[in-house]
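The values are calculated or read from the model by the stated rules, or taken from the named source; none is laboratory data. What you see is a predicted model; the values in this text were computed from it and never measured. Because the Cβ atoms are built from the backbone with ideal geometry, glycine has one as well, and the counts that use them run over all protein chains shown.
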Amino acid sequence: MAHYFRCGKLFTARSDEALRNQTVVATDGVITYVGPTAAAPRPAASDSVVDHSRHFVMPGLIDGHTHIGAGNANTEEDVDLYAPLEFRALRMMINLQRMFAAGYTGVIDGATTGRVGIACRNAINAGLFAGPRTICTGPFITTRLGYADFYPTWFNNPVAVRTRVTSLDQGFEAIRVQVKDGVDFIKLGMDGKVRNLDGGIAACFNAEETKHLVAESNRLGKWVKVHAKGTEAVLHSARAGARVICHAAHLTDEAIDAVLEADAILCPELTIIHNFTTFTQPTDSYNDVTHIGQAEWEATVASMRKARAAGCRILAGSDSGFACCPAGEWHALEIKLLVEHVGLTPAEGLRAGTAINGELFGGTAKIGVIEKGYLADLVAFDGDPLADINVLLDKKKIVGLYMGGERVTTKAPPINMRTETDFSYRMWGRVYDQKRVASMTTRAF
Ligand SMILES: [Zn+2]
């Protein structure tokens, strides 16, 4: 049985325009026809015809970078310590399903603890659970002073979101273990925690080490994605051949040249910085290690504008999965921010959240474009995001979501931090010394 989708407007992600009065036909999950309704084959009596003739249809959205396995965490300790890995996997599955409500049928997860991402991906692929098409990394591979090496030297946590290696051999071993366990990407935590003598963020691996780690990943058939805010980390990563460079907040001309030369794709993750600087409260803690703040926002936006003008490709990845950008809520905000602040056209924005991310699925799934031979993953909006990008963020405007031509009906429960994530032993948010208490109450104590 084939599914016929009548589309009032159709954005295929192959051109800038939405075409009017188009039909998409899906047979056994795969698109077999895209073109004018007038020229489309006629449905048989057993086929279904879905009427989106008053709607805007586009490829199902794909978030190019998340940490859905982090469970909408408040603290790094919530990510790494309290919940058992088995619980983290079950929770990640629900958070993946929460993405459906935002119109997402694909996700690239960029670092989870243990094999949590792999387990969810496999369970979805096996048909045990409904969920967006998922590809994932394992934990960050990093070293002393590196990004995600959050804890003191005297504390080793084997179920953290990072694997800390202290030699090239250990790096190779970590890569080989992850490849054996089934990751889709290798993720390197490239930024260091310290500044170099020029004042920039020092990379944690040197250029030679980075080259060997990327080469070994590529030799084993895996692309590398890096966390690299600092210029040095971007330079090392691009020159080593990393496929995706996350953040890239301080791009110099030299770094942009290296990114272009490597044909690497940039993933600025504006959403988490935006939400951190815009939504959260002064009482929320500020973590200097993550370098999030207004200066980071301005630097990242300026970097991306420069990179775009130079011809670098940019993908939309929201970094969702933390309390300030929880699963299922702000994924499409990344597209809006790329359009409104970096200057992408709305069509480029939609492609950043569909076709470009789809490319990174490699041979695992043909998604992100509405074209013959691609999987029929579609989202229909009651509104035109090319005319008003805010349509993407309005869940009420999503009038149809399909994976492989089948309607997605899975609904996940609302987020409940207390029962899902917030297991830390933190007890008080401030110190109640006599001065503070006196300012709070006139009662005698
Ligand atoms: Zn990330």
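Do we have ARG88 as surrounded by 21 or more Cβ atoms within 10 Å (Cβ to Cβ) and either away from the ligand (no atom under 16 Å from the Cβ) or part of a loop (DSSP other than H, G, I, E, B) (or both) here?
Criteria met by ARG88.
Please go through region 16-27 and give me each residue that is closer than 19 Å to LYS366 by Cα and touching a residue at least 24 places away in the same chain (Cβ under 8 Å), ordered by number.
Scanning region 16-27 gives VAL24, ALA26, THR27.
Kindly provide the set of residues from region 22-43 that are assigned to a strand (DSSP E or B) and surrounded by 14 or more Cβ atoms within 10 Å (Cβ to Cβ), ordered by number.
Residues of region 22-43 assigned to a strand (DSSP E or B): 22-27, 30-36.
If the condition is that a residue be assigned to a strand (DSSP E or B) and surrounded by 14 or more Cβ atoms within 10 Å (Cβ to Cβ), then GLN22, THR23, VAL24, VAL25, ALA26, THR27, VAL30, ILE31, THR32, TYR33, VAL34, GLY35 are the ones that fit.
Right, ALA248: away from the ligand (no atom under 15 Å from the Cβ) and at pLDDT 95 or above or not?
Considered against the rule, which asks whether it is away from the ligand (no atom under 15 Å from the Cβ) and at pLDDT 95 or above, ALA248 comes out as no.
Can you say whether GLY373 is within 25 Å of SER48 (Cβ to Cβ) and assigned to a loop (DSSP other than H, G, I, E, B), as far as the supplied structure shows?
The answer is yes for GLY373.
From GLY189, GLY230, GLY241, grab the single residue that is over 19 Å from CYS312 (Cβ atoms) and small (Gly, Ala, Ser).
On inspection, the qualifying residue turns out to be GLY189.
Return the residues of region 266-291 that are part of a helix (DSSP H, G or I), farther than 19 Å from LYS193 by Cα and modelled with pLDDT of 90 or more; say none if nothing qualifies. Full working, then the answer.
Of the residues in region 266-291, the ones part of a helix (DSSP H, G or I) are 270-278, 288-290.
This time we only want the ones that are farther than 19 Å from LYS193 by Cα, so: 270-272, 274-278.
Hits for region 266-291 are LEU270, THR271, ILE272, HIS274, ASN275.
I'm checking my understanding of the structure. Among residues of region 167-195 that are at pLDDT below 95 and not charged (D, E, K, R), which one is nearest to the chain's Cα centre (by Cα)?
The qualifying residue nearest to the chain's Cα centre (by Cα) is GLY192.
Could you say whether any residue in region 369-387 is basic (Lys, Arg) and in the same structural domain as LYS225 (by TED's automatic domain parsing)?
no
Residue-by-condition table, conditions (1) assigned by TED's automatic domain parsing to the domain that holds LEU197; (2) in contact (Cβ under 8 Å) with a residue 40 or more places away in the chain; (3) assigned to a loop (DSSP other than H, G, I, E, B); (4) surrounded by fewer than 22 Cβ atoms within 10 Å (Cβ to Cβ):
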residue: VAL214; (1), (2), (3), (4): yes, no, no, no
residue: GLY221; (1), (2), (3), (4): yes, yes, yes, yes
residue: VAL226; (1), (2), (3), (4): yes, no, no, no
residue: HIS236; (1), (2), (3), (4): yes, yes, no, no
residue: ARG239; (1), (2), (3), (4): yes, no, no, yes
residue: ALA242; (1), (2), (3), (4): yes, yes, yes, no
residue: LEU251; (1), (2), (3), (4): yes, yes, yes, no
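For region 51-73, how many residues are away from the ligand (no atom under 16 Å from the Cβ) and part of a strand (DSSP E or B)?
Residues that pass the stated criteria total 10.
Quick one: PHE185 ticks every box in (1) over 22 Å from ILE118 (Cβ atoms); (2) in contact (Cβ under 8 Å) with a residue 24 or more places away in the chain bar one, so which box is it?
It is condition (1) that PHE185 fails.
Find the residue count for region 185-221, including only residues that are touching a Ser or Thr at 6+ places or on another chain (Cβ under 9 Å) and under 19 Å from CYS136 (Cβ atoms).
7
In region 408-422, which residue that is touching a residue at least 12 places away in the same chain (Cβ under 8 Å) and outside any loop (DSSP other than H, G, I, E, B) is surrounded by the most Cβ atoms within 10 Å (Cβ to Cβ)?
Filtering region 408-422 for residues that are touching a residue at least 12 places away in the same chain (Cβ under 8 Å) and outside any loop (DSSP other than H, G, I, E, B), the one surrounded by the most Cβ atoms within 10 Å (Cβ to Cβ) comes out as GLU420.
Out of all the residues in region 116-153, which are away from the ligand (no atom under 16 Å from the Cβ) and surrounded by 20 or more Cβ atoms within 10 Å (Cβ to Cβ)? Quick ask: steps written out before the conclusion?
As a first pass, look at region 116-153 and keep what is away from the ligand (no atom under 16 Å from the Cβ): 118-133, 143-145, 151-153.
Passing the criteria: ILE118, ALA119, CYS120, ARG121, GLY131, PRO132, ARG133, THR143.
Please verify whether THR113 is touching a residue at least 24 places away in the same chain (Cβ under 8 Å), touching a strand residue (DSSP E or B) at 6+ places or on another chain (Cβ under 8 Å) and not aliphatic (A, V, I, L, M), treating the condition exactly as stated. Quick ask: steps written out before the conclusion?
On the way: touching a residue at least 24 places away in the same chain (Cβ under 8 Å): yes; touching a strand residue (DSSP E or B) at 6+ places or on another chain (Cβ under 8 Å): no; not aliphatic (A, V, I, L, M): yes.
No: the conditions fail for THR113.
If you take the residues of region 368-394 that are among the aliphatic types (A, V, I, L, M), buried (at least 24 other Cβ atoms within 10 Å of the Cβ) and touching a Pro at 6+ places or on another chain (Cβ under 7 Å), which of them is nearest to ALA13 (Cα to Cα)?
ILE370
Out of region 102-115, which residues are away from the ligand (no atom under 16 Å from the Cβ) and under 16 Å from the mean Cα position of the chain (by Cα)? Explain how you work it out, then say what you get.
Of region 102-115, the ones away from the ligand (no atom under 16 Å from the Cβ) are 102-106, 114-115.
Within region 102-115, ALA102, GLY103, TYR104, THR105, GLY106 qualify.
Strands (runs of 3 or more DSSP E) wholly in region 106-195 with at least 1 residues that are under 30 Å from LEU401 (Cβ atoms) - which ones?
Details: elements: 133-136, 140-142, 162-164, 185-189, 191-195.
Per the criteria, 133-136, 185-189.
Residue check: is LEU81 of a type in the set (A, V, I, L, M, F, W, C), modelled with pLDDT under 95 and out of contact with any His (no Cβ under 8 Å at 6 or more places or on another chain)?
yes
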